[in-house]
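Q: Could you have a look at this structure, given as structure tokens, before my questions?
Read-outs: derived from the displayed coordinates by stated rules, not from any lab. Not measured: the values here are computed from a predicted model. Neighbour counts are summed over all protein chains in view; Cβ atoms, including those assigned to glycine, are modelled from backbone coordinates with ideal geometry.
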Amino acid sequence: MSEPTASAPKAAELAALARTLDAADDLAPVRERFALDDVVYLDGNSLGALPAHVPDRMADVVRRQWGELRIRSWAESGWWTAPERIGDRIAPLVGAAPGQIVAGDSTSVNVFKALVAATRMAGEGRTEILVDATTFPTDGYIAESAARLTGCTLRAVTPQEVPSALGDRTAVVLLNHVDYRTGRLHDLPSLTAAIHASGALAVWDLCHSAGALPVGLDEHGVDLAVGCTYKYLNGGPGSPAYLYVRSELQPRFDSPLPGWNSHQDPFGMSPSYAPAPGALRGRVGTPDILSMLALEAALEVWDGVSVAAVRAKSLALTDFFLRCVSEYSGPGRVQCLTPDSHAERGSQVALRCADAGEVMKRLIARGVVGDFRHPDVLRFGFTPLYTGFGDTERAARILGEELAR
Ligand SMILES: Cc1ncc(COP(=O)(O)O)c(C=O)c1O
Ligand SMILES: Nc1c(O)cccc1C(=O)C[C@H](N)C(=O)O
């Protein structure tokens, strides 16, 4: 049996407030662009939902472009130029002018390219890589290997420790914009400025911020950035990642993976490598066209949607969720790891509680899908394109009921 959590009048008040907020939400109609059921899907920070038009688009890609046009599609269906074209479609979502982003490979591979290329661009005597000690693990593993390959030392520091860790030996700093576990948003403008003041380069991992909040890559002078597209960009499972190289740095970008797709004359089949100009220097080999074109179609859900509006709704949703959790779960049942301050909050709420893995299984069984991160964290990701305030109230209410069991 469940203990009662919030009083019935309180629940009615929150449900009514949710209806008012949904009615005033300009982004509410965007939900229709997605194929969703009545599950409350709060796992878009791991795998974004399917945009409704993608299956038909992919049927055309497979049946007509591949099945009928076959090899002609590299030119006639725009396959060959898809990585740069899609990079330019992602660019406004992360505050970048065209010509600086190429889509392809995984985030892990792009972290490797960015880090090694950054150490190659760093000045004489700069032989230390700083890596976010709280990073999603893959960045740390890749940084360790990149350091060994380049003869650099590697030091793990928290983002807060970066300013005092910087020195005249620092070559590059790899940071996560939003912490995957806590949902903490790090201060990209001021950290990038501090890194530059020390003469080093800044590489940012945008996996948990792109599509959820303004990033401002150009505005803040970020050197290199990477990110995935299967979370808030809804590109699909394993969809291509992307690499941003600031235009001024492109002529010096010396890729550690100089495949033929980044050659200035790929079909010249020369035995020696000569890099192409611009963003396509970040390409490696043949792109994964099916995933690439699913991503391109998925990005159409952004037509007419501003990142600023998404950010405003994201903060309103997470504020409302925190309020509902505190009403429905009572004091002491959960500990919130996500900062209260908007300036430090991404688009997820992370709650620590006892038996978090079991609690999440029960939530999923009741139609509230978040995820569990080892050892004791419940994560709830809020995708403003398809999550409403009613969903948010329902998720918090069911969480309260399960915690009271
Ligand atoms: C911050 C961050 N970086 C990297 C990755 C993963 O990269 P990849 O797509 O290479 O698996 C994730 C999530 O999977 C992530 O959250
Ligand atoms: N990339 C993933 C996958 O292939 C399977 C399951 C989950 C993922 C994720 O994206 C995890 C995610 N980066 C996280 O923040 O935990």
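Rundown of residues vs (1) under 19 Å from Gly330 (Cβ atoms); (2) crowded, with 16+ Cβ neighbours inside 10 Å; (3) touching a helix residue (DSSP H, G or I) at 6+ places or on another chain (Cβ under 6 Å), yes/no style:
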{"position": "Gln348", "(1), (2), (3)": "no, yes, no"}
{"position": "Ala356", "(1), (2), (3)": "yes, yes, no"}
{"position": "Lys361", "(1), (2), (3)": "no, no, no"}
{"position": "Val368", "(1), (2), (3)": "yes, yes, yes"}
{"position": "His374", "(1), (2), (3)": "no, no, no"}
{"position": "Leu378", "(1), (2), (3)": "yes, yes, yes"}
{"position": "Gly381", "(1), (2), (3)": "no, yes, no"}
{"position": "Leu385", "(1), (2), (3)": "no, yes, yes"}
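Q: Another question about this same structure. Which one of these is in contact with a strand residue (DSSP E or B) (Cβ under 7 Å, 6 or more places away or on another chain) and farther than 30 Å from Ala395 by Cβ: Pro51, Pro92, Pro83? Let's see the steps before the verdict.
A: On the way: Pro51 fails: farther than 30 Å from Ala395 by Cβ; Pro92 fails: in contact with a strand residue (DSSP E or B) (Cβ under 7 Å, 6 or more places away or on another chain).
Step by step, each of Pro51, Pro92, Pro83 is checked, and only Pro83 is in contact with a strand residue (DSSP E or B) (Cβ under 7 Å, 6 or more places away or on another chain) and farther than 30 Å from Ala395 by Cβ.
Q: Ok, one more. Can you confirm whether the stretch 112-132 contains a residue that is closer than 26 Å to Pro266 by Cα, surrounded by fewer than 20 Cβ atoms within 10 Å (Cβ to Cβ), touching a residue at least 60 places away in the same chain (Cβ under 8 Å) and within 16 Å of ligand 1 (Cβ to nearest atom)?
A: no
Q: Filter the stretch 175-185 down to residues that are touching a strand residue (DSSP E or B) at 6+ places or on another chain (Cβ under 6 Å) and part of a loop (DSSP other than H, G, I, E, B) and give me whichever is nearest to Phe112 (Cα to Cα).
A: Let us first name the residues in the stretch 175-185 that are touching a strand residue (DSSP E or B) at 6+ places or on another chain (Cβ under 6 Å), namely 175-178, 181-183, 185.
Going one step further and asking which of them are part of a loop (DSSP other than H, G, I, E, B), we end up with 177, 181-183.
Numbers: His177: 17, Arg181: 22, Thr182: 24, Gly183: 24 Å.
Top of the filtered list is His177.
Q: Oh, and also: What number of residues within the stretch 152-192 satisfy the criterion of being under 16 Å from Asp223 (Cα atoms) and either surrounded by fewer than 21 Cβ atoms within 10 Å (Cβ to Cβ) or within 16 Å of ligand 1 (Cβ to nearest atom) (or both)?
A: So in the stretch 152-192, the residues under 16 Å from Asp223 (Cα atoms) come out as 170-177, 187-192.
Keeping just the survivors that are either surrounded by fewer than 21 Cβ atoms within 10 Å (Cβ to Cβ) or within 16 Å of ligand 1 (Cβ to nearest atom) (or both) gives 173-177, 187-191.
Residues in the stretch 152-192 being under 16 Å from Asp223 (Cα atoms) and either surrounded by fewer than 21 Cβ atoms within 10 Å (Cβ to Cβ) or within 16 Å of ligand 1 (Cβ to nearest atom) (or both): 10 in total.
Q: Do the conditions hold for Gly95, that is, is it of a type in the set (Gly, Ala, Ser), within 18 Å of the chain's Cα centre (by Cα) and within 16 Å of ligand 2 (Cβ to nearest atom)?
A: It is false that Gly95 is of a type in the set (Gly, Ala, Ser), within 18 Å of the chain's Cα centre (by Cα) and within 16 Å of ligand 2 (Cβ to nearest atom).
Q: Of the conditions (1) in contact with a Pro (Cβ under 8 Å, 6 or more places away or on another chain); (2) in contact (Cβ under 8 Å) with a residue 60 or more places away in the chain; (3) not in a loop (DSSP other than H, G, I, E, B), Pro240 clears all except one; give me its number.
A: (3)
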